[in-house]
Amino acid sequence: MNNPSTDWKMQMKNENNAVMSQTKVRKDEKLLLQKKESKRNLIEILMGSIVKPMIGDNLTTIGSNIAGLFFIMETLRRYFPRQLKNTIQELLVNAIQRIPFFKKCSDKTLAFFSPYAQIGFREIEEYKYNYAYSAIKTYLGAQVNSQVKNLKGSQMRGRKSLDFKRDDDKVEDEFEGVKILWEVLKSTDGVKMCRLTFHRSNWEIVTGSYLTYVVEEGKSIEEKKKKVKLFMNNPSPNWKMQTMNLWSSIDFEHPATFDTMAMDPKKKDEIISDLLGFSNGEEYYKKIGKAWKRGYLLHGPPGTGKSTMIAAMANLMSYSIYDLELTSIGNNWELKKLLLATSSKSIIVIEDIDCSLDLTGEREVKEEESSAEIKKEKKKKEDESSAEKNKEKKKKEDESSAEKKKNAVTLSGLLNFIDGLWSACGQERILVFTTNHLGKLDQALIRRGRMDMHIELSYCRFEAFKILAKNYLNLDSHVLFRKIESLLEETNITPADVAENLMVKDGECDVDGSLKRLILVLEEMKLNQNSNEQQKDVVNQV
Ligand SMILES: Nc1ncnc2c1ncn2[C@@H]1O[C@H](COP(=O)(O)OP(=O)(O)OP(=O)(O)O)[C@@H](O)[C@H]1O
Ligand SMILES: [Mg+2]
């Protein structure tokens, strides 16, 4: 995808900064150069004694010299201690690479002489989260023993024990007698990464069984310690680098579960089995050729448990929540970047979708129609007044409307992600939209396939009340339940209001008092509702 021009400007600014800082460090470089001088001398000696005769020689001589080099390398390998051997080998490789003949050689040939190989694992790879990176990071953090210098400690909520993690930038590891060096660093473009360096002779072991072991081990540690996280998107002006600071996160510790959700038990079971079916459905989604994602639309009046249900879903599935605030996103391009940086096994939430998005699906058409009429009128006026004045005005209007369109998250941008090409980039994701006004939503947004399941969360009826009574008062039955049941059938009270009346006041659990208070509220509501209806009837008759 093409980057917006603001990014090019950023890049140019960065380059200017780099030039300025280069002048600053020039002095330090002088010192560094002096240090390198001695190393270079050694290379010159090697060049003179072994390599220089190769320049300008014919192929036969080059061949015999390469054979000579083989001999030297083999001798080094056998008789010198590891570190000295590596240093001399490195110097040799440096020297060889300066020769014009070898400069023309392919990487493969040069790689033959280099004793080390490196593999980098970046946190974000091609705009997508790299799971190997997080598994490796977890694995390295778990390499704790009494020899380790830097550790960091933390404590998880509800646990007595402390948790220690290794906090070193360099970690040495050993696997089947092979030494491996890990570094935790940032790439030149500011992306976090883990890099391992190893001797080429161990290529098979490292790229095969060792890396598989590291990633699997890291994943199993993550699984054991799995914490649900709540991510919030940062406003785009705060994104320092292309792939950094898109999301901020905290540990998600909401206590809601499906057990505590007050709603029709049948509906609840249906939702739970749908969610569990989705999380076990990798093979099924592959078989039917659909991206592994599912959309839920939660709708209902305020206080009926839409946000609570999202928390219950996250706790049931152990999925992290990405709370997407569309109003702080500039345009569709930023939306795509944010969504691609989410991890799998996550719930992407857009609350009050009708308020946060300009649902322009239909509106654009209407706007186009009405703008056609406006254009006609304008044309009349244009004829009347001077043509030049109007031309300028029209140009300005066009420019500002084009600017508005460019800087907005649109319905089509969101739909593109939900089921367009972009949706297949991320697997095992749940999308949840909430709204208080189902009727306001564009049909294109909520059709099946995009929002697979529509869940209505409604006013509190007796089945839902029984769950709240159990949660708040530990009650299974009571003589007042019957009265409450009939009142709940006749009034529209939200679970939030019922819960508020059942709450223990002043630290004392007064079951009778709570239920009577609820009955009073319900009776009052019933009276109000009846008088409202009577007023409506009178108005209709008039
Ligand atoms: N169905 C429910 N089951 C259990 N508790 C509920 C339920 N509905 C509401 N509550 C209680 O009421 C409070 C408010 O509910 P919640 O925030 O989930 O409502 P909402 O539907 O998201 O409202 P809004 O549309 O205003 O965002 C919650 O903290 C919860 O304690
Ligand atoms: Mg809510």
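With only alpha-carbon pairs counted, each pair once and no self-pairs, how large is the Kirkwood hydrodynamic radius of the range 116-156 in angstroms?
Evaluated on the range 116-156, it is 12.5 Å.
Once both labels are modelled 7 Å past Cα along the beta-carbon direction, what's the residue 169-residue 226 spacing in nm?
According to this spin-label approximation, the distance is 3.5 nm.
Just the number, please: percent antiparallel of the DSSP beta bridges in the range 115-226, rounded to the nearest 5.
Roughly 100 percent of the beta bridges in the range 115-226 run antiparallel, per DSSP.
Quick check: Cα centre of the range 255-306 to Cα centre of the range 459-492, how many Å?
25
Around residue 346, which amide H atoms from residues at least 5 apart in sequence, or from another chain, sit under 5 Å from its own amide H, with H modelled in the peptide plane?
HN-HN under 5 Å from residue 346: 430.
Taking a probe of 1.4 angstrom, what is the accessible area of residue 154 in Å², to the nearest 10?
60
Enter the accessible area of residue 170 (Å², nearest 10), with the probe set to 1.4 Å and all protein chains included.
120
Can you check what the net charge comes to around residue 530, using other residues whose Cβ is under 12 Å from the Cβ of residue 530 (Lys, Arg +1; Asp, Glu -1)?
-3
Multiply the residue gap between residue 539 and residue 149 by 0.36 nm, knock off their C-alpha separation, and tell me the result in nm, one decimal place.
Between residue 539 and residue 149, full extension yields an extra 132.3 nm.
Once both labels are modelled 7 Å past Cα along the beta-carbon direction, what's the residue 527-residue 279 spacing in nm?
Each label point lies 7 Å from its Cα, and together they span 4.8 nm.
Mean shadow of the range 115-226, computed from the convex hull of its alpha carbons, in nm²?
Values: hull surface 33.7 nm².
In nm², the orientation-averaged hull projection of the range 115-226 is 8.4.
If each residue of separation counts as 0.36 nm, what is the full-extension length gain between residue 412 and residue 181 once their alpha-carbon separation is subtracted?
That pair, residue 412 and residue 181, stretches by 78.4 nm at full extension.
In cubic angstrom, how much convex hull volume per residue do the alpha carbon atoms of the range 462-541 span?
With only Cα atoms used, the range 462-541 gives 91 Å³ per residue.
Which chymotrypsin sites (Phe, Trp or Tyr not before Pro) in the range 150-215 sit in a loop by DSSP (not H, G, I, E or B) and have at most 10 other Cβ atoms within 10 Å of their own Cβ?
none
Out of residues 5 or more away from residue 143 or on other chains, whose amide H comes under 5 Å of its own, with H placed 1.01 Å from N in the peptide plane?
Amide H to amide H, under 5 Å and 5 or more residues apart or across chains, residue 143 pairs with 166.
For residue 489 and residue 245, compute 0.36 nm times the residue count separating them, minus their Cα-Cα distance, and round to one decimal in nm.
Going from the current span to full extension adds 82.9 nm.
Under the classification rounded if a/c is under 1.5, otherwise prolate if a/b is larger than b/c and oblate if not, where does the range 179-277 fall, given a ≥ b ≥ c as square roots of the Cα gyration tensor eigenvalues?
Oblate is the answer for the range 179-277, as a/c is 1.5 or above yet b/c matches or exceeds a/b.
Amide H neighbours of residue 178 under 5 Å, counting only residues 5+ apart in sequence or on other chains, H built in-plane at 1.01 Å?
Amide H neighbours of residue 178, under 5 Å, 5+ apart: none.
The values are calculated or read from the model by the stated rules, or taken from the named source; none is laboratory data. As the structure is a prediction and not an experimental result, all values here were calculated from the model. So basically every Cβ, Gly included, is an ideal-geometry build from the backbone, and we count neighbours across all protein chains shown. Side chains are part of the model used for accessible areas, which takes the heavy atoms of the whole protein and leaves out ligands, DNA and RNA. Shrake-Rupley method; radii C 1.70, N 1.55, O 1.52, S 1.80 Å.
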